[in-house]
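Working notes, structure below.
The values are calculated or read from the model by the stated rules, or taken from the named source; none is laboratory data. All values derive from a computational prediction rather than experimental measurement. Neighbour counts run over all protein chains shown; Cβ positions are idealised from the backbone, glycine included.
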Ligand SMILES: [Zn+2]
């Protein structure tokens, strides 16, 4: 049996209100959001520096930080695969996901430099 990779598609706006502030989240959603927001910060910081090769960014996150029940010690790597779309994956297990609608959020480090 071929194992299907689990791709977690997330839209950052689902965690925010109309003003871009964080909604009241469940503990589980909070953990996921912290994981995602760290990826967004790391990626957007790299994008803001045009000299840096941003093919793949090590985001300094362990796979197990995205949920309590995960035991994977793998490192998370992320890249900006499209304008406004971040892809991340674990270097040890099959966990992967995408983040959309992060640009212009509080965690987007580009805005302080570019706009
Ligand atoms: Zn993993």
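Give me the pairs: first residue in the stretch 54-81 and within 16 Å of residue 33 (Cβ to Cβ), second residue at pLDDT below 90 and away from the ligand (no atom under 11 Å from the Cβ), beta-carbon distance under 7 Å, and six or more apart or on different chains, which are they?
Listed by first residue and then by second, the contacts come to 78/57.
Step by step: first the residues of the stretch 38-67, then only those that are closer than 17 Å to residue 97 by Cβ and out of contact with any strand residue (DSSP E or B) (no Cβ under 9 Å at 6 or more places or on another chain), then the one that is modelled with the highest pLDDT. Which residue is that?
Top of the filtered list is 64.
Looking only at the stretch 54-96, which residues are part of a loop (DSSP other than H, G, I, E, B), surrounded by 14 or more Cβ atoms within 10 Å (Cβ to Cβ) and within 8 Å of the ligand (Cβ to nearest atom)?
Of everything in the stretch 54-96, those that are part of a loop (DSSP other than H, G, I, E, B), surrounded by 14 or more Cβ atoms within 10 Å (Cβ to Cβ) and within 8 Å of the ligand (Cβ to nearest atom) turn out to be 70, 72, 74, 93, 95.
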